[in-house]
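All of the numbers you see were taken from the coordinates with simple rules; none came from a lab. Here the structure is a predicted model, which is why all the values come from computation and not from measurement. Cβ placement follows ideal geometry from the backbone for every residue including glycine, while neighbour counts extend to all protein chains displayed.
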Amino acid sequence: MNRAEEEKIPVFYITLGTECVWQQWAVDTIYNGLKDMNCKVIWGLKPPFKLPEENDKFWVRPWLPQIEALSHTAVKACLTHCGMGGTTECIGTGTPAVTWPHFGDQQPNSECLVNNGAAIALWNKMRLSKKIEENTTFAEPIFTSEKITEVFTEISTNPKYSLNMKRLKYQAMSAGGAPLAVKTIENEYIHGGNAHLRDDEVLDKMKRMNCCTACCADFIWWLI
């Protein structure tokens, strides 16, 4: 990454987290959209999925130190599913996002970044299915390699996305950031938990709607 930065070559970081499932069509489409661009790519990709061919521009590993990678100034954009962790890490490092939400809170997270001018969405529709396998992957193609080229060219050359993501970063820091979050969680534990903050009617409704949404709901209430 240091060499890429010296040569003024943008680095793109690609990840779908741990719950979303790749399909080979998506791997091939993203690869074909980026292979002819003047860029380097860091890609978190687990077997059995692999690139359609060897290419020195692409550095692929099953696991990557995400925060450390996103913190490097050579990284100009991150393709993310917009899980809560990935979203906050993009904000915390000021890295513009190309979003591809799959289920649960990912779509509203993506919408928030897009509406703030800090991201471009490849796909941004809410999916609600009781079959978890229908939420965690896209069996059929929903974007083309031309779309990948267009989106990554725009986000890496238009400075507004970086400026807007940095604005979100500083807003998060001014609100207290990670230290305040840790303190809030510790205080709730010390003072008896969060039962008084739960709205069980809303929680039950979310559970009836969607199994994945239910997991997100439980997690969000746990955080509170």
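Please quote Rg/Rh for the stretch 1-129 to two decimal places, taking the Kirkwood radius as Rh and restricting both calculations to Cα atoms.
Here Rg/Rh amounts to 0.94.
Going down the table (Lys40/Lys166; Lys125/Lys183; Lys46/Lys130; Lys160/Lys183; Lys76/Lys131; Lys130/Lys166), which pairs top 31 Å between alpha carbons?
Lys125/Lys183; Lys160/Lys183; Lys76/Lys131; Lys130/Lys166
First measure r as the distance between the Cβ atoms of Arg3 and Trp123, then evaluate 1/(1 + (r/R0)^6) with R0 = 35 Å and state the FRET efficiency to the nearest 0.05.
For R0 = 35 Å, the calculated efficiency reads 0.60.
I want to check the label-to-label distance for Arg61 and Trp22. Put each point 7 Å from Cα in the C-beta direction and report it in nm to one decimal.
Modelled inter-label distance: 1.5 nm.
Could you run the Karplus curve 6.51 cos²θ - 1.76 cosθ + 1.60 with θ = phi - 60° over the stretch 177-188 and give me ³J(HN,Hα) per residue in whole Hz, x for Gly and Pro?
Using θ = phi - 60°, the values come out as x, 4, x, 5, 4, 4, 4, 5, 4, 5, 5, 4 Hz.
Determine the gain in length on full extension of the stretch Glu68-Gln171; use 0.36 nm per residue of separation and subtract their C-alpha separation, reporting nm with one decimal.
Length gained between Glu68 and Gln171: 35.0 nm.
What is the distance in Å between the Cα centroid of the stretch 85-146 and that of the stretch 1-68?
17
If you average 1/r over all unlike Cα pairs in the chain and invert the result, what Kirkwood radius do you get in angstrom?
18.6
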